[in-house]
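Below: the structure, in C-alpha cells.
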Amino acid sequence: MNKEHSQFIETWGSMGVLWGINRSMARIHAFVMLCEDPVDLETVCRQLRISRGNASMSLKELRVWGVIHRVHIAGERRDFYVAEPDNWKMIFKIAAQRKEREFDPALQALRDLLGHTDLKNSSGVRARLSELERTMSTFDRIAQKFLGNEQASRMVVDMLKKFRV
C-alpha cells in the first residue's frame, strides 16, 4: 500500500468517526474502495493490521449500511467484498443512516424535553427550545423528502450542479 492510499484510509477513518461509525469500520470501507478486485477478510486484516473479529464485524456493518457488497467468486469458499460502485448511492445511504441514527433521536429527545413539566416555568428556555424544535422539524421534513426517493434526489442534485451550486 502506497503513502497516498494509507493517507486516504486514515483520513476516511477520521471522517467516519464524524458519521458515528468507528474508525476501523471507516478504514475498512476506504480500503475496499481502493481495491480494484474483490477483497477477502484475511486481506483486510493483513493490510490494515486489525483483528479478524474487528474486521468481520465491521464488514458486516458496512454491508448493513449498504456501502459494500459481498460477492461470490467461482471456486472460492471465502467471502469477498466490493465497494458500492455508485458514489451517489454510497453517499445517499450514509446520509440516510446518519439521519436515522443521529438526527432522529436528537429530535425525539428535544420533543420529549419540551413535554417535560420542568420547562413550563422557564419561558426563555422553552421559547428557544420550541424554536429549535420547529427548525429541526422543518429540516426533518425536507430530509424525509430528499432521502425518501433516491432517484428523485439524484435528479435534484444533478439539476443544482448545472447552476454550479
Legend entry - Relative contact order %, the chain, counting alpha carbon pairs below 8 Å whose residues are six or more apart: 15 percent
Legend entry - Charge dipole magnitude, Cβ of K and R +1, D and E -1 - the stretch 3-83, Cα centre, debye nearest 20: 280 debye
Inset, instruction - Might you report the magnitude of the Cβ-based charge dipole of the chain about its Cα centre, with Lys and Arg at +1 and Asp and Glu at -1, to the nearest 20 debye? - result: 300 debye
Inset, instruction - Only helical DSSP H runs with n ≥ 4 go in: add -39500 (n - 2.57) per run for the chain, normalise by residue count and round the 222 nm mean residue ellipticity to 500 deg cm²/dmol. - result: -22000 deg cm²/dmol
Legend entry - Dipole-positive endmost among 152, 108, 132 within the stretch 87-162 (Cβ charges, Cα centre): 152
Inset, instruction - Could you grab the Rg to Rh ratio for the stretch 87-162? Cα atoms only, Kirkwood for Rh. - result: 1.14
Legend entry - Cα-centre dipole for the stretch 114-165 with unit charges at Cβ (Lys and Arg positive, Asp and Glu negative), debye to 20: 260 debye
Legend entry - Cα gyration tensor shape for the chain, rounded if a/c is under 1.5, else prolate or oblate: prolate
Inset, instruction - Determine the shape class of the stretch 34-119: with a ≥ b ≥ c the square roots of the Cα gyration tensor eigenvalues, call it rounded for a/c under 1.5, and otherwise prolate if a/b is greater than b/c, oblate otherwise. - result: prolate
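Every read-out reported here was derived from the displayed coordinates using simple, explicitly stated rules and does not represent laboratory data. Remember, predicted model here, so these are calculated numbers, not experimental data. We place every Cβ from the backbone using ideal geometry, glycine too, and count neighbours over all the protein chains shown.
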